[in-house]
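Q: What follows is a single structure, and I will ask about it in a moment.
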Amino acid sequence: MNDKLSSILGEASQVFILTDENVAPFWLPEVAHWLHCDSAIDIVIKPGEQHKNLQTVQRIWKTFMKHHADRNALLINLGGGVITDMGGFAASTYKRGIKFINVPTTLLAMVDAAIGGKTGIDFGGAKNQIGTFADAEEVLIDPVFLSTLPRREILSGLAEMLKYGFIADAKLLEINLENYQYYIPLAGEIKREIVAQDPYEAGLRKILNFGHTIGHAIESHCLTTDYPLLHGEAVALGMAAALWLSVKLCGLDEKVLHDFEKQLPMLLSEAEILLSEANIEPILGYLVHDKKNKGDKTQFVLLESLGKPIWGVEIPEDTLRVSLEYTIINKVSKR
């Protein structure tokens, strides 16, 4: 344990650990022991995006109050992106903000969700509608947590890592199930560098949303069905649509799109995807809630070439509809 972490833990009046029912049996006792906080108060919630809501946050706040947590309390978020997003939000709003530490246990959280100071919960059926910008005191990344992660979760994280390959460093487009751990530090460093330049998403940080605008709409729609998608799976579909749009509107080399289409079956191999043309209009309906909208205009991130993203692109709805038809009908339903 480093000196900074020891100081944070030593100064805390109380320590709480937020995790979910999937992670707790594997890692809760070990992490509490590792951080020398065996007397920490555990908050174990149900897993999944469907529980990333205000009702769960209220439960967390009520636990803080039950134990008379003051402004010097500390929350440790032990889990994937749902836990780090929601735990960060709960901590940053309780008594106007208590400290928190992120201990990501999924690949996606290690390379994205736990880094960068964004917190949030879903609201009104839309992703991350309520949230804050608040930095974790520390983000503790250890690939040992990946040893208990299902293959589907690994694939979800790979999609998020590929995003960095498209927008920043093409080396990350070489990742696969055998070599991905080698690239975890690079992916995290790319995000940290972008966030350092634009912490509140005024400009450059928007490139991190490549594939996410359509991806979030697909994810939100699928949450209303019996076959929800993991975040990375929805982002993979969103990136396919974004690459198609980039070819049509920005002159992106079509080979980039076709190379990614070869990876798509692998990324979606563990998902049950029952999307058809009938789902396109409902998916488009979720775009009105996108956080990056200006007025009623949805803003997209596209690519002129690898490592050269552009943001703030407005796309006619008819063109968006065709991109979804291409992705869902031609590339998903026929896989």
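The values are calculated or read from the model by the stated rules, or taken from the named source; none is laboratory data. Quick caveat, the model's predicted, so the values are computed rather than measured. No Cβ is skipped: glycine too gets one built from the backbone with ideal geometry, and neighbour counts run over all protein chains shown.
Q: Is there any pair with a first residue in the stretch 159-182 that is surrounded by fewer than 24 Cβ atoms within 10 Å (Cβ to Cβ) and a second that is of a type in the set (Val, Ile, Thr) whose Cβ atoms are under 6 Å apart and which are 6 or more apart or on different chains, and what are they?
A: So the pair list comes out as Ile167/Ile207; Ala168/Ile190.
Q: Restricting to the stretch 250-265, count the residues that are in a helix (DSSP H, G or I) and surrounded by fewer than 14 Cβ atoms within 10 Å (Cβ to Cβ).
A: Of the residues in the stretch 250-265, 6 are in a helix (DSSP H, G or I) and surrounded by fewer than 14 Cβ atoms within 10 Å (Cβ to Cβ).
Q: While we're looking at this one, here's another question. Looking at the stretch 3-19, can you tell me whether even one residue there is part of a loop (DSSP other than H, G, I, E, B) and over 16 Å from Lys95 (Cβ atoms)?
A: no
Q: When you scan the stretch 244-256, do you find a residue that is of a type in the set (Lys, Arg), in the same structural domain as Met161 (by TED's automatic domain parsing) and modelled with pLDDT under 90, even just one?
A: Taking the stretch 244-256 as the starting set, the residues that turn out to be of a type in the set (Lys, Arg) are 248, 255.
Then keep just the ones that are in the same structural domain as Met161 (by TED's automatic domain parsing); that gives 248, 255.
Then drop every residue that is not modelled with pLDDT under 90, which leaves none.
No, that holds for no residue.
Q: In the stretch 294-325, what count of residues is obtained for those that are in contact with a helix residue (DSSP H, G or I) (Cβ under 9 Å, 6 or more places away or on another chain), surrounded by fewer than 17 Cβ atoms within 10 Å (Cβ to Cβ) and modelled with pLDDT under 90?
A: Final tally of qualifying residues: 2.
Q: Further, regarding this structure: Which is more than 21 Å from Pro228 (Cα to Cα) and in the same structural domain as Gly285 (by TED's automatic domain parsing), of Gly117, Gly131, Gly165?
A: Gly165
Q: Continuing with the same structure: Inside the stretch 183-193, can you point out the residues that are in contact with a Leu (Cβ under 9 Å, 6 or more places away or on another chain) and in contact (Cβ under 8 Å) with a residue 60 or more places away in the chain?
A: Here is the first cut: in the stretch 183-193, the ones in contact with a Leu (Cβ under 9 Å, 6 or more places away or on another chain) are 183-184, 186-187, 190-191.
Once the filter is applied, which keeps residues that are in contact with a Leu (Cβ under 9 Å, 6 or more places away or on another chain) and in contact (Cβ under 8 Å) with a residue 60 or more places away in the chain, the stretch 183-193 yields Ile184, Ala187, Lys191.
Q: Just the residues that are assigned to a loop (DSSP other than H, G, I, E, B) and within 26 Å of Ala126 (Cα to Cα), please, taken from the stretch 27-59. Steps first, answer last, please.
A: Taking the stretch 27-59 as the starting set, the residues that turn out to be assigned to a loop (DSSP other than H, G, I, E, B) are 35-40, 46-48, 52-53.
Answer for the stretch 27-59, where residues must be assigned to a loop (DSSP other than H, G, I, E, B) and within 26 Å of Ala126 (Cα to Cα): Lys46, Pro47, Gly48, Lys52, Asn53.
Q: In the stretch 267-290, which residue that is closer than 15 Å to Ser220 by Cα and in a loop (DSSP other than H, G, I, E, B) is modelled with the lowest pLDDT?
A: If we filter the stretch 267-290 for residues that are closer than 15 Å to Ser220 by Cα, which is where we start, we get 273-275, 279-290.
Checking the rest, the ones that are also in a loop (DSSP other than H, G, I, E, B) come to 273-275, 290.
Working: Ile273: 88, Leu274: 86, Leu275: 88, Asp290: 62.
The qualifying residue modelled with the lowest pLDDT is Asp290.
Q: Here's another thing I want to ask about it. From the list Leu18, Leu54, pick out the single residue that is surrounded by fewer than 18 Cβ atoms within 10 Å (Cβ to Cβ), under 20 Å from the mean Cα position of the chain (by Cα), of a type in the set (A, V, I, L, M, F, W, C) and not assigned by TED's automatic domain parsing to the domain that holds Thr225.
A: On inspection, the qualifying residue turns out to be Leu54.
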